[in-house]
Amino acid sequence: MQVTEYKPKIVAFCCNWCSYAGADLAGNNRLAYPAEVKIIRVPCSCRVNPMFILRAFQRGADGVIICGCHPGDCHYTSGNYYTRRRMALLFSMLNYLGIEKERTRVEWVSAAEGAKFAATMNDFVQTVAALGENKRLEDLRCKL
Amino acid sequence: MQALTREVLLDRAKALFADGTVDRAYGWKRGEFDYDVTPGLFRSVEEMEKEFVFDDFCGANFSKYLVEETRKGEGKILVFLKPCDTYSFNQLLTEHRFDREKVYAVGIPCEGMADVTKLKAEAAEGIRSITAEKEGFVVHTLYDGDKTVPRTEGLSERCLVCKSKKHVAYDELLGEDGEVADSARFDEVARLEAMNADERFAFWQRELSRCIRCNACRDVCPACTCETCVFNNPNSGVESKAPVTSFEEQMFHIIRAFHVAGRCTDCGECSRVCPQHIPLHLLNRKFIKDINAFYGEYQAGAEVGSRAPLVNYTTADLEPGEAVQRGNEHA
Amino acid sequence: MRKIAVAKLDALFAAMAKTHTVYLPADGADGRAQYTRWEAGVVYSTALNTVRSAKDFFFPQTENLMDFKMEGKSIELIDTRDEGEDFIVFGVRACDVRSFDVLDRVFLAEPVDSYYAARRAHGVIFSMACTRPAETCFCKTFGIDAAEPAGDVACYIDADTLYLDAKTEKGEAVLAALGLEDSDTAAVDAQKALIRERLDALPLSGLSAAAFGGDKLDEYFERPEWKTLSETCLGCGTCTFVCPTCQCYDIRDFKTNTGVRRYRCWDSCMYSEFTKMSAGQPRLTQLERFRQRFMHKLVYYPANNDGIFGCVGCGRCLSRCPISMNIVKVMKTLGGKNV
Amino acid sequence: MTYRQEPLMPKIGVVTDIRIDTPDVKTFRVVTPDGKKAFEHKPGQCAMLSIPGVGEAMFSITSSPTNTEYMEFSIKKCGCLTDWLHAMEPGQQITIRGPYGNGFPVDTEFVGKNMLFIAGGIGLAPLRSVINYVRHYRDRYGKIDIVYGSRSKDDLVDYNEIIHEWATDAGVSVHLTIDREQEGWDGHVGFVPNYVKELGFDTDKIAILCGPPIMIKFTLQGLMDLGFDKTQVYTTLEMRMKCGIGKCGRCNVANKYICKDGPVFRFDALDELPDEY
């Protein structure tokens, strides 16, 4: 029997003004990152409501990453600063509830950092792959 | 035993009704037994004389009721505020949830409120009556005679780790004001932080799996004042009524706590009302503890108009990745 | 009547478990009794009552009704009902046993609810007499005798002995298979007398429901007291969810990754969106919702069900309501001297 | 023991035709996948229609029981499920269960009587099944009057059927009205309650009202002024429903469940219920 390699499902929320373009650049430069990364474009990283992250896990994501502009570079001046606080508290809470802390991450990736985008995704996928499937924040009904 | 008696409060209320300062009053109503006190709105001195009580079972916080009640009528509402209630009161003012002009707030000292479940556990079945004595709560049981529960064992958890005996809002104060206490309220959070992820997960599964989604925690919370909650809104995509899976239990409680993060004054009402005794305050306190550690000490409701940590930032805030580490390390 | 030593309870449960799944009250993580599936090591709790009522066994908080698979314009309906398994609920108090009658009159009325009916057919109720009724108990108000609990088998624990009295053929069949020792009724009779004495001494023993009933709509509907009673109601669902007779439900669809699962879950008339339609809201404020709940228990339900009340006096709402508002206070306020 | 009959278990229905009646009302024709009627019903009864994953709701069956081929539902776009229904294309499957409710007493109390139907807007939907039933068994009933009003000419549901079929029947008088003057409309202008008073009907008939609550309230008053007795006037009620079989507990007015004991009520019976609908 052939053992298929476990491939984690990753949801990446990418800011339209930076990391989404960064992902584009990674593609143009033919920098490979795993196809399991599903990108959801958001107008700003601070558009990401904690509920989005939980819903991604509910629907079967094994890891969720939020990519925004570098602090100070927000297209809307300060959105990513709010993201930073919110996610700091949310991730700390998830950790407190016993959800593996490696499943969530925030990275600042600019439009010019195609290489960083690819490297970040490769690293995140590897980290999550090492953890295996998300069992603690899943909704079993979704597997039907 | 409370420092002030029912009569002191009642006399003051009578005077305020008599001189026309207020035309209705929030206060505690006598129940069927000694302990099942109901928060109520009194419209006359006569009603108050008949039913008003103030004793060790008056835990209910009236602040949230003011949101709706101040929209009605022209006259002022008298409200009795214990020290912890004043923080909720201020927080609601900060969020412009009610008209301060329509409220006459009387601060009253609090010596801590009893947790009936604890007393019931001590007395097994059947409480004939409960009296608060110097040595503690004397429970007159139906079958086992009298039992004395030391005060420290009969008080609510939130009162045992009371954060403040100081009133932060009032029009007048009855009795003595206290001080902000050096509370041990984060000890339990720290104990959980010290566990490993598997243990923490097991702990919360055990607790949250009891949730029946009655929404009492949300509905009593003075910080939860949305006109329509996201969990009731059919268009939100997350509307839900029952804890169908463990995910939904976690989702509800994470979002509930997150939504009040930075605004929660740690009044402890959520845990008081939970029919399943889930220690919900441990979620809220985790946020408070993290906020204090990451962004500096902040007590929601301590002053009107303060900017909540989640609608604020500094350019030097720590990164979420570090936060998760720190969230555990400072334990 | 049969008997077995309390020390041998584990052996009894083990014997029952050979043919039935056994559920019984056991103290949970929070130190309070909850119905728990019996397995070796689970200890029967003699606590007066569980936090959640026993209605879960027949009308669980959530249950799947059916699945749908959708492809293009077509829909496939998948019946997910299974045969179910035989089970015993041990230690049900008299009030909760009556609650099954109350639920039966709703779910077993035509058209019969097959999910509920299947569970009822599979379930065997071992009731337990209440030797230490609490101050919040008022089952007597509704004609329930906690000294003579109904169910398939009525149980009594006296000192070191458990007595079991089969009340139905179903109960007799289960008992017969357990091979228990026969017993006279002397100890149980003495206990019944003691229980009745204790019931009479309860603070709520004088509470009467005579002022309420199916013909009392006009008398109570417009009463001004509803306003003061409901004024501080939070609109949460605690009372309805701990209530053994509250039976309102919602039917909801959950989109799985491949289809749709239709399930039903408890709902509460206390919730603001309970009756909300796109066309309007017939119960606009908490007053109407609050009134609905108590009128249903005390007037509407008896009107439709031969005068049987929709409350069994278990006292759960008395100890769980966040604002300590409850049916006893409502009855006393509305009924005045007649209650 | 297994109970195979489950009232909450729907049948699959196919929407074979969608007719656009007004800007916000469409009429859906529904049959089973093998082309038959899903079930028989009485005029005034309802059915639960659902799109799995979107929702399930109660709709009155607008086609007459005398239609042996299919059922029709006239549905106004006003919420989540109805938005979806309006976005459907023919051939789409839905689920259907029923029939629910008591229906109109067409074979008892109505027999031999003159009939007055008064509808406003989408309120024609439940009446259409009765009107067509009565027309089908024309000799069992007396004279028929139909008063129907809506906001504008374009909002009249089933306009073609009204003009070309109902109005041309012997012994059927149709009185149409719209709320405001409109180009191309030479009929009556004004609200239904006033129009009913103007028409001044004799009291030798049964009246059936259906429409928005405010219309019902004033029309009933108008009929009382004309000398009608409450025992001669019927209406249908609307409440939120989930089960349709009197168990889920949300559609009751006092001890009456609208899904089971209603939706059709005679006004004298309605008077005994509290005003909570």
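For chain C, list the DSSP H helices whose alpha carbon atoms reach 30 Å or more along the long axis and whose average Kyte-Doolittle value is 1.0 or above?
none
Working from Cα pairs under 8 Å separated by at least six residues, relative contact order for chain C is 20 percent. Let me make sure I get this right: for the protein assembly as shown, a, b and c are the square roots of the gyration tensor eigenvalues over alpha carbons, sorted descending. Under 1.5 in a/c it's rounded, otherwise prolate if a/b > b/c, else oblate. Which is it? The shape class here is rounded. Applying the criteria of a DSSP loop state and at most 14 other Cβ atoms within 10 Å to the GluC sites (Glu not before Pro) of the stretch D:205-277 yields D:GLU272.
Please state the shape class of the stretch B:187-329: rounded when a/c is under 1.5, otherwise prolate if a/b exceeds b/c and oblate if not, all from the C-alpha gyration tensor.
Values: a/c = 1.64, a/b = 1.21, b/c = 1.36.
Verdict is oblate for the stretch B:187-329.
Using a 4.7 Å Cβ-Cβ cutoff, the cysteines of chain B lacking any partner cysteine are B:CYS58, B:CYS84, B:CYS110, B:CYS159, B:CYS162, B:CYS211, B:CYS214, B:CYS226, B:CYS229, B:CYS264, B:CYS267, B:CYS274.
Measuring from each cysteine beta-carbon in chain D, the ones with no other cysteine beta-carbon under 4.7 angstrom are D:CYS46, D:CYS78, D:CYS80, D:CYS210, D:CYS251, D:CYS259.
Kyte-Doolittle cut-off -0.5, length cut-off 30 Å along the helix's own axis using Cα: show which whole DSSP H helices in chain D pass.
On the way: long enough: none.
The qualifying helices: there are none.
Each Cα pair under 8 Å and six or more residues apart adds its separation to the average, and for chain B the resulting relative contact order is 16 percent. By DSSP, the beta bridges lying fully in chain C are antiparallel in about 75 percent of cases. Angle, helix B:320-329 long axis vs. longest principal axis of chain B, Cα atoms, 0 to 90°, nearest 10? The helix B:320-329 is inclined about 60 degrees to chain B. Under a Gaussian network description of chain C, with springs only between Cα atoms under 10 Å, the residue in C:GLY259, C:GLY235, C:GLY72 that fluctuates furthest is C:GLY72. For the protein assembly as shown, what proportion of DSSP beta bridges, expressed in % and rounded to the nearest 5, is antiparallel? Roughly 60 percent of the beta bridges in the protein assembly as shown run antiparallel, per DSSP.
Amide H contacts under 5 Å for C:VAL124: C:PHE87, C:ILE88, C:VAL89, restricted to partners 5 or more places along the chain or on a different chain, H placed in the peptide plane at 1.01 Å from N. Taking each DSSP H run with n ≥ 4 as -39500 (n - 2.57) and averaging over every residue of chain C yields -8000 deg cm²/dmol at 222 nm. Of C:GLN281, C:GLN292, C:GLN61, the residue with the greatest mean-square motion in the GNM of chain C, using alpha carbon springs below 10 Å, is C:GLN281.
For the stretch C:1-67, state which trypsin sites (Lys or Arg not before Pro) are in a DSSP loop and have at most 16 other beta carbons lying within 10 Å of their beta carbon. Sites meeting the loop and neighbour criteria: C:LYS18.
Rounded to the nearest 5, what is the percent of antiparallel bridges among the DSSP beta bridges in chain B? Walk me through the numbers on the way to the answer.
Details: 19 of 29 bridges.
That works out to approximately 65 percent antiparallel.
Loop-located GluC sites (Glu not before Pro) in the stretch C:3-79 (DSSP state other than H, G, I, E, B) with a sparse environment of at most 14 neighbouring Cβ atoms within 10 Å: C:GLU39.
As a quick test, which of the pairs B:LYS29/D:LYS256; B:LYS120/B:LYS289; D:LYS113/D:LYS256; C:LYS255/D:LYS11; B:LYS134/B:LYS165 have an alpha carbon distance above 29 angstrom in this structure? It would help to have the intermediate numbers written out before the result.
Details: B:LYS29/D:LYS256 35 Å; B:LYS120/B:LYS289 32 Å; D:LYS113/D:LYS256 27 Å; C:LYS255/D:LYS11 20 Å; B:LYS134/B:LYS165 20 Å.
The pairs that break the limit, which is 29 Å between Cα atoms, are B:LYS29/D:LYS256; B:LYS120/B:LYS289.
Beyond 21 Å, what percent of the Cα pairs of the stretch C:2-200 remain? Present the calculation step by step, with values, prior to reporting the outcome.
Working: 10908 of 19701 pairs.
Roughly 55 percent, once rounded to a whole number.
Which value at 222 nm does chain D reach when only helices count, each DSSP H run of 4 or more adding -39,500 (n - 2.57), with the total divided by all residues and rounded to the nearest 500 deg cm²/dmol?
Numbers: 5 runs with 47 residues, N = 277.
Result for chain D, helices only: -5000 deg cm²/dmol.
Too long at a 30 Å Cα-Cα cut-off: which of A:LYS38/A:LYS135; B:LYS166/B:LYS241; A:LYS143/D:LYS36; B:LYS64/B:LYS241; C:LYS8/C:LYS170; C:LYS140/C:LYS167?
On the way: A:LYS38/A:LYS135 19 Å; B:LYS166/B:LYS241 39 Å; A:LYS143/D:LYS36 36 Å; B:LYS64/B:LYS241 23 Å; C:LYS8/C:LYS170 23 Å; C:LYS140/C:LYS167 20 Å.
The answer is B:LYS166/B:LYS241; A:LYS143/D:LYS36.
Taking each DSSP H run with n ≥ 4 as -39500 (n - 2.57) and averaging over every residue of chain B yields -10000 deg cm²/dmol at 222 nm. With a ≥ b ≥ c the root eigenvalues of the C-alpha gyration tensor of the stretch A:10-138, is it rounded (a/c under 1.5), prolate (a/b larger than b/c) or oblate? Note, shape of the stretch A:10-138 comes out oblate. For the stretch C:217-338, a crude dipole built from +1 on the beta carbon of Lys and Arg and -1 on the beta carbon of Asp and Glu, taken about the Cα centre, is about 380 debye to the nearest 20.
Its relative contact order, with pairs defined as Cα atoms under 8 Å and 6+ residues apart, puts the stretch D:11-100 at 39 percent.
Values quoted throughout were computed directly from the atomic coordinates according to the rules given, and no laboratory measurement underlies them. Only a predicted model underlies this, so the values are computations on that prediction, with no experimental measurement involved. Because the Cβ atoms are built from the backbone with ideal geometry, glycine has one as well, and the counts that use them run over all protein chains shown.
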